[in-house]
1. Among DSSP bridges having both ends in the chain, what percentage is antiparallel? Round to the nearest 5.
2. What are the residues whose amide H is under 5 Å from the amide H of SER48, where those residues sit 5 or more places off or on another chain and H is modelled from the backbone?
3. From the backbone phi of the range 113-124, what are the Karplus-calculated ³J(HN,Hα) couplings (6.51 cos²θ - 1.76 cosθ + 1.60, θ = phi - 60°) in whole Hz, Gly and Pro given as x?
4. Using the beta-carbon distance between ARG116 and SER23 and R0 = 30 Å, what value does 1/(1 + (r/R0)^6) give for FRET efficiency, to the nearest 0.05?
5. Can you list the residues, at least 5 places off or on another chain, whose amide H is less than 5 Å from the amide H of ALA110, using H built in the peptide plane?
6. Just how many % of Cα pairs in the chain lie over 32 Å apart, if you round to the nearest whole percent?
7. Within 10 Å, at most 14 other Cβ atoms, and a DSSP state outside H, G, I, E, B define an exposed site. Report the longest part of the chain free of exposed trypsin sites (Lys or Arg not before Pro).
8. Is the shape of the range 119-210 best called rounded, prolate or oblate, per the rule: a/c under 1.5 gives rounded, else a/b larger than b/c gives prolate, else oblate, with a ≥ b ≥ c the square roots of the Cα gyration tensor eigenvalues?
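Just so it is clear, none of the values below were taken in a lab; they were calculated from the coordinates. Computed from a prediction, not measured in an experiment: that's the story for all the values here. Because the Cβ atoms are built from the backbone with ideal geometry, glycine has one as well, and the counts that use them run over all protein chains shown.
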Amino acid sequence: FIREIAPVASIGGAPYVMVINPSVPAKTVPEFIAYAKANPGKINMGSSGSGSVSHVFGERFKMMTGINLVHVPYRGGYVPDLLSGQVQIVFGTISSCIQYIRGGMLRALAVTTATRSDVLPDIPTLAEFVPGYEVSQWYGVGAPKDTPAEVIDKLNKEINAVAADPLIKARLASLGVDPMSMTSAAFGKFIADEAEKWGKVIRAANIKSD
């Protein structure tokens, strides 16, 4: 699919948050890693499906820390089972988890981006404990691969201008999306780098999509 499109412009990236059921005796990422290493194969990690964003984010965390979590994919929502403790950890969107974090029903340990989230400013980044861990769900615009370069450039400039508008930036922020403007060439490199990074995770974890 990537080979069939011409990258036009990036819209932005959205951090995910690593949350656990409060029954897990860990208040920090290092404490969770230590607990997981002491209990290999006994902690369930929920996701929104095999090959989903939440799944591959969790698999990358497992690879970088050497822990063994049991993946439990859901076709529907995983939140009820996370709240009840059927699964103990999830890498979820901030929007789907924040009300439960604020209500004390879930414990947020870290956000997945390189910098802290404005929505959860007191929650550290995973990179503070696991150097090199930096992931986000990103959004962008593409066009058919044979689109003329001058059209791509014009679209890129117009989209970046819109994304820089204070009203649009505020709307994106309310959705948990941080603007990530770049040239079409830079966006193309970004996509290639992301494909390489996640290809390694998918092959190492032998992930098959649902």
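1. Percentage antiparallel, nearest 5: 75.
2. SER54, HIS55, TYR74
3. 8, 5, 10, 5, 8, 5, 6, 10, x, 8, 8, x
4. FRET efficiency, ARG116 to SER23: 0.70.
5. MET18
6. Summing the P(r) of the chain above 32 Å gives 21 percent of all pairs.
7. Here the longest run is 76-144.
8. Cα axes put the range 119-210 in the oblate bin.
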